[in-house]
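S.K.: Submitted below is the structure of interest, expressed as structure tokens.
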Amino acid sequence: MSGTQETFYDVMRRQGISRRGFLKFCALTSASLGLGASFAPRIAEALETKPRIPVIWLHGLECTCCTESFIRSAHPLVKDVVLSMISLDYDDTIMAAAGHQAEAILEEVRTTHKGRYVLAVEGNPPLKDGGIYCMPGGRPFVDTLKDMAADAQAVIAWGSCASWGCVQAARPNPTQATPVDKVVTGTPVLKVPGCPPIAEVMTGVLTYMLTFDRLPEVDRQGRPKMFYSQRIHDKCYRRPHFDAGQFVEKFDDENARKGYCLYKMGCKGPTTYNACSTVGWNTGTSFPIQSGHGCLGCSEHDFWDKGPFYQRLTSLEPVAAESTADSVGGTLAAVAGGAVAAHGAISIAKRGLEKRRAGTGSRGGESGDAE
Amino acid sequence: MPIHTGRDIHALDVAQGDASVDRTSIYVYEAPLRAWHWINALALTILAVTGYFIGQPLPSVPGEASDASLMVAIREIHFITAYVLAIGWLVRIYWAFVGNPHSRQLFKLPFWRKSYWNGVVWEASWYAFLRKEPKKYVGHNPLAQFVMFTVFTVGMFFMIITGFALYSEGAGIDSWQYALFGWVFDIFPNSQAVHTWHRLGMWIFVTYVIVHVYAAVREDILSRQSMISTMISGERMFKDNRDD
């Protein structure tokens, strides 16, 4: 750790960013955070005057796709700034240091920046058998996570692993992989789900936190409202086809070529909160639906268990993983219909029998009181 | 009890062997309750049909997207009908407070009363063809009350709550629907699950309606009191004057 009084602006200038480029970054960041043009000078001022906040980036059980996404942040400026800032401290995938030297940084940051650093967590800790299924640096990840989180000002749960558990927590979750917010107590946890999250969303969230010294406003699930308050479906460019009732019926049909709605192909856009349909991926080049494939719902809780990916009606897990509401409900209604028909038939037969038995002699047993 | 025969009836079409009985009747279902019943029945039907096609849409509409609005129409009908159902349910709950004692039966399950469960078993034995004659009831019989409460009443709350939660996703997280029903997503963090359970709820109601209509018709014929006409006139008429 070098001089803690160095500001973001200093770091950027050192990286060869011009003043003009810096202001452009501030304006873009302001826009992407939904703050409006008036906030750009405030971001600029904050970046110029505030000492930068160290960020520690830990990796638990995961595939590193969050980091891969992050370093492809559309705006190179964002990447340079945030990357130079993070690599100084700790990110075991992309930092220069290795071994004990690297691990020592954790302890150093923890003591010198107690209560000030931001802990970014990619992946999650497996809790089974004392956490031995994830041992970075020869230590259960859950212990490192708890220690580092205790002295952080905030924890960012990067991606679906850290936020929800993702694939390693999918049924039957053999290692008992557990989302970060179930392990970390006492420190606020911000969830930035996605498998991976969109690069601009990640840098946007970091920039907001570092500029304004507070967590962005979150929704009920703990996700930043600015990126996760609307569904893919709400802003999907194929929505007019949904509204009209025009669907891709098969992946190789005419409707697929015309770009109709992928609802019937199991698109999870209607239940997925993310910014893909507005921000897009890879400098806004595309996103799954634009490429002709339905959304898998990767930023949603337990999306691996909400399959199948290619059906609109999904499984009734955890009760009946192989059945849908229609297969169970339809069977139920059919059984009820059959039972009612059989019961009705027996009722009629029984009544006819009783009538005939009572009818020999008297004038019909229609109502007992007539006797 | 005097028995009047067909000879005393002034009717042109009276036939030999016609008999009439004295019928006691009790006013059970008051007018608002009856109106609610039929409005609710119609709303449930519309909701089930439109809901089915929201989850499993009809074949694609040809032509330009701007010329069609099939899904919009189906969903809009579903939402409007859902409001009718939900407001009707609120009125029905209100009526349970101000209406006659029978209006409260729908919301009660005397779980801890042994005599109630004996009644359930007795009525089940009638449906299992083990009894020659049923008992007389003014409101719901114990078995009917059990199904009404556990399936219908609980089901209505479940469908209205999950329905509004799903609606709030479109209305936005600043909407009053989200403020009131957003807690559903604390229980089901992935709304795909809410969609699935809401749809299973639809099938439960379809099953319920099959059983309900069958039981009403069967009881109308076989039981000792009127059924279907009671939900039209409000009068429960007994076919005999004997004790149970």
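S.K.: Tell me the Kirkwood hydrodynamic radius of segment A:233-312 in angstroms, computed as one over the mean inverse distance between distinct C-alpha pairs. Walk me through the intermediate numbers first.
M.R.: Values: mean 1/r = 0.0790 Å⁻¹.
With all distinct Cα pairs of segment A:233-312 included, I get 12.7 Å.
S.K.: Mind listing the long-range amide H neighbours of A:GLY266? Cut-off is under 5 Å, sequence gap 5 or more, other chains count too, H placed in the peptide plane at 1.01 Å from N.
M.R.: Answer set, sorted by chain and number: A:ARG312.
S.K.: Sort B:158-166, A:115-123 by packing, meaning the average of other beta carbons within 10 Å per residue, with the highest value first. Please report the intermediate quantities before stating the final value.
M.R.: Values: B:158-166: 20.3, A:115-123: 23.4.
Packing proxy ranking, top to bottom: A:115-123, B:158-166.
S.K.: Now for a different question. Need one number: % antiparallel among DSSP beta bridges in the protein assembly as shown, to the nearest 5.
M.R.: 45 percent
S.K.: Using a probe radius of 1.4 Å on heavy atoms only, what accessible surface per residue do you get for segment A:233-312? Whole Å² is fine. Write out the running numbers ahead of the final one.
M.R.: Details: 3250 Å² over 80 residues.
I get 41 Å² per residue for this part.
S.K.: With +1 on each Lys and Arg Cβ and -1 on each Asp and Glu Cβ, how big is the dipole of the protein assembly as shown about its Cα centre, in debye rounded to the nearest 20?
M.R.: Values: 59 positive and 58 negative charges, 196 e Å.
Dipole of the protein assembly as shown, to the nearest 20 debye: 940 debye.
S.K.: Students often forget the sequence filter, so: which lysines lie under 16 Å Cα-Cα from A:LYS128 once same-chain residues fewer than 8 apart are removed?
M.R.: A:LYS128 reaches A:LYS146, A:LYS182.
S.K.: Something else now. For segment B:26-237, what is the accessible area per residue in Å², given a 1.4 Å probe and the full set of protein chains? Working shown, then result.
M.R.: Working: 10200 Å² over 212 residues.
On a per-residue basis, 48 Å².
S.K.: Additional query: Let me have the 222 nm mean residue ellipticity of chain B computed from DSSP H runs of 4+ only, each contributing -39500 (n - 2.57), with the sum over all residues rounded to the nearest 500.
M.R.: Numbers: 9 runs with 138 residues, N = 244.
Theoretical 222 nm ellipticity from helices: -18500 deg cm²/dmol.
S.K.: Right, next: Dipole magnitude of chain B about its Cα centre, charges +1 at Lys/Arg Cβ and -1 at Asp/Glu Cβ only, in debye to the nearest 20? Mind dumping the intermediate values first?
M.R.: Details: 19 positive and 19 negative charges, 187 e Å.
Computed about the Cα centre, the dipole is about 900 debye.
S.K.: Counting residues in the protein assembly as shown as N, plug N into 2.2 N^0.38 Å and put the Cα Rg over that result. Please list the in-between numbers first.
M.R.: Values: Rg = 33.0 Å, N = 615, 2.2 N^0.38 = 25.2 Å.
Against the empirical 2.2 N^0.38 Å value, I get 1.31 for the protein assembly as shown.
S.K.: Taking only the alpha-carbon positions of segment B:45-154 and ignoring solvent, what does the Debye formula give for the base-10 log of I(q)/I(0) at q = 0.13, 0.19, 0.22, 0.23 Å⁻¹?
M.R.: Results for segment B:45-154 at q = 0.13, 0.19, 0.22, 0.23 Å⁻¹ read -0.71, -1.00, -1.15, -1.20.
S.K.: Still on this structure, please answer the following. For B:ARG34, what accessible area in Å² do you get when you roll a 1.4 Å probe over the heavy atoms of the protein chains, rounding to the nearest 10?
M.R.: In the full protein context, B:ARG34 sits at about 40 Å².
S.K.: Also, quick follow-up: How do A:GLU107, B:GLU235 stack up against each other in accessible area, from largest to smallest, with a 1.4 angstrom probe? The partial results should precede the final answer.
M.R.: Details: A:GLU107 95, B:GLU235 60 Å².
Result of the area sort, largest leading: A:GLU107, B:GLU235.
S.K.: Please give me, ordered by residue number, the chymotrypsin sites (Phe, Trp or Tyr not before Pro) of segment B:53-125 that lie in loop per DSSP and have at most 10 other Cβ atoms within 10 Å. Please list the in-between numbers first.
M.R.: Values: sites: B:PHE53, B:PHE79, B:TYR83, B:TRP89, B:TYR94, B:TRP95, B:PHE97, B:PHE107, B:PHE111, B:TRP112, B:TYR116, B:TRP117, B:TRP122; in loops: B:PHE111, B:TRP112.
Here the sparse-neighbourhood loop sites are B:PHE111, B:TRP112.
S.K.: What do you get for the angle between helix A:76-87 and the principal long axis of chain A? Use alpha-carbon atoms, 0 to 90 degrees, nearest ten.
M.R.: Between helix and principal axis, roughly 80 degrees.
S.K.: Also, I was wondering about something else. If amide hydrogens are placed 1.01 Å from N in the peptide plane, which non-local residues have theirs closer than 5 Å to the one on A:GLY307?
M.R.: A:SER315
S.K.: For the pairing of chain A with chain B, what total accessible surface becomes buried, with a 1.4 angstrom probe, in square angstrom to the nearest 100? Could you put the intermediate results ahead of the total?
M.R.: Working: alone 18330 and 15190 Å², together 28850 Å².
Rounded to the nearest hundred, the buried surface is 4700 Å².
S.K.: For the pair A:GLU68 and A:LYS235, what calculated FRET efficiency results from E = 1/(1 + (r/R0)^6), where r is the Cβ-Cβ distance and R0 = 25 Å, to the nearest 0.05?
M.R.: On the way: r = 25 Å, r/R0 = 1.00.
With R0 = 25 Å, the Cβ-Cβ based efficiency is 0.50.
S.K.: A follow-up question, please. Using θ = phi - 60° and the Karplus form 6.51 cos²θ - 1.76 cosθ + 1.60, what ³J(HN,Hα) does each residue of segment A:98-104 get, whole Hz, x for Gly and Pro?
M.R.: Karplus-based 3J(HN,Hα) across segment A:98-104 equals 8, x, 4, 4, 5, 4, 5 Hz.
S.K.: In degrees, nearest 10, range 0 to 90: what is the angle between the Cα axis of helix A:141-150 and the longest Cα principal axis of chain A?
M.R.: Around 70 degrees separate the two axes.
S.K.: Let me ask you something else. In terms of solvent-accessible area of protein heavy atoms at a 1.4 angstrom probe, what is the ranking of A:SER291, A:SER160, highest value first? Provide the component values of the computation, followed by the final result.
M.R.: Working: A:SER291 85, A:SER160 0 Å².
In descending accessible area the options line up as A:SER291, A:SER160.
S.K.: What list of ³J(HN,Hα) couplings, whole Hz, do you get for segment B:57-70 from phi and the Karplus terms 6.51, -1.76, 1.60, once you set θ to phi - 60° and write x for glycine and proline?
M.R.: x, 5, x, 4, 7, x, x, 6, 4, 6, 8, 10, 8, 5
S.K.: Can you list the lysines whose alpha carbon sits under 27 Å from that of A:LYS355, skipping same-chain ones fewer than 8 residues off?
M.R.: B:LYS132, B:LYS135, B:LYS136, B:LYS239
S.K.: Using a 1.4 angstrom probe with every protein chain in place, what is the largest-first accessible-area order of A:THR203, A:THR285?
M.R.: Details: A:THR203 5, A:THR285 95 Å².
I get A:THR285, A:THR203, largest accessible area first.
S.K.: Here's another thing I want to ask about it. Give a quick list of GluC sites (Glu not before Pro) in segment A:216-259 that DSSP marks as loop, anything other than H, G, I, E or B, with at most 12 other Cβ atoms within 10 Å. Numbers along the way, then the final one.
M.R.: Values: sites: A:GLU217, A:GLU249, A:GLU254; in loops: A:GLU217, A:GLU249.
Here the GluC sites (Glu not before Pro) that fit, given the DSSP loop and packing criteria, are A:GLU217.
S.K.: If you take every DSSP beta bridge fully contained in segment A:8-227, what fraction is antiparallel? Give it as a percent rounded to 5. Numbers along the way, then the final one.
M.R.: On the way: 3 of 19 bridges.
Within segment A:8-227, antiparallel bridges account for around 15 percent of the total.
S.K.: Okay, moving on. Taking θ = phi - 60°, what integer Hz values does the Karplus form 6.51 cos²θ - 1.76 cosθ + 1.60 yield along segment B:192-198, in sequence order, with x for Gly and Pro?
M.R.: 3J(HN,Hα) across segment B:192-198, in whole Hz: 4, 5, 5, 4, 4, 6, 4.
S.K.: Going toward the positive end of the dipole of chain B, with +1 on Lys and Arg Cβ and -1 on Asp and Glu Cβ, which of B:TRP95, B:TYR83, B:GLN145 do you reach last?
M.R.: So the residue we want is B:GLN145.
S.K.: Keeping all protein chains in position, work out how much accessible area A:TYR133 exposes to a 1.4 Å probe, and write it in Å² to the nearest 10.
M.R.: 100 Å²
S.K.: Still on this structure, please answer the following. Return the calculated 222 nm mean residue ellipticity for chain A, to the nearest 500 deg cm²/dmol, obtained by summing -39500 (n - 2.57) across DSSP H runs with n ≥ 4 and dividing by the residue count. Don't skip to the end; give the middle numbers.
M.R.: Working: 14 runs with 146 residues, N = 371.
Mean residue ellipticity at 222 nm (helix-derived): -11500 deg cm²/dmol.
S.K.: Sticking with this one: Quote the accessible area belonging to B:PHE181 in square angstrom, nearest 10, computed with a 1.4 Å probe and with ligands, DNA and RNA left uncounted.
M.R.: 30 Å²
S.K.: OK, next. Taking beta carbons within 10 Å but only from partner chains, what does the mean come to for residues B:210-220?
M.R.: If you average over the peptide's residues, the count of other-chain Cβ atoms is 3.
S.K.: Within a 10 angstrom radius of each residue's Cβ in B:200-208, how many Cβ atoms of other chains show up on average? Whole number is fine. Walk me through the numbers on the way to the answer.
M.R.: On the way: counts 10, 2, 4, 10, 6, 2, 7, 11, 2.
For peptide B:200-208, the averaged partner shielding equals 6.
S.K.: Ignoring ligands, DNA and RNA, please state the percent of accessible area on the protein assembly as shown from carbon and sulfur, probe 1.4 Å. Mind showing how you got there, number by number?
M.R.: Details: 17880 of 28850 Å².
That fraction is 62 percent.
S.K.: Between B:VAL154 and B:GLU133, what FRET efficiency comes out of the Förster formula 1/(1 + (r/R0)^6) with R0 = 35 Å and r the beta carbon distance, rounded to 0.05? Could the numbers behind the result be given before it?
M.R.: On the way: r = 32 Å, r/R0 = 0.90.
The formula returns an efficiency of 0.65 here.
S.K.: Which far-off residues, 5 or more places away or on another chain, put their amide H under 5 Å from the one on A:SER286, with H placed in the peptide plane?
M.R.: A:TRP281
The values are calculated or read from the model by the stated rules, or taken from the named source; none is laboratory data. Computed from a predicted model, the values in this text were never measured in an experiment. Heads up, the Cβs are rebuilt from the backbone with ideal geometry, glycines too, and the neighbour counts pull from every protein chain shown. Areas reflect the complete protein model, heavy atoms only, side chains present, ligands, DNA and RNA absent. Shrake-Rupley method; radii C 1.70, N 1.55, O 1.52, S 1.80 Å.
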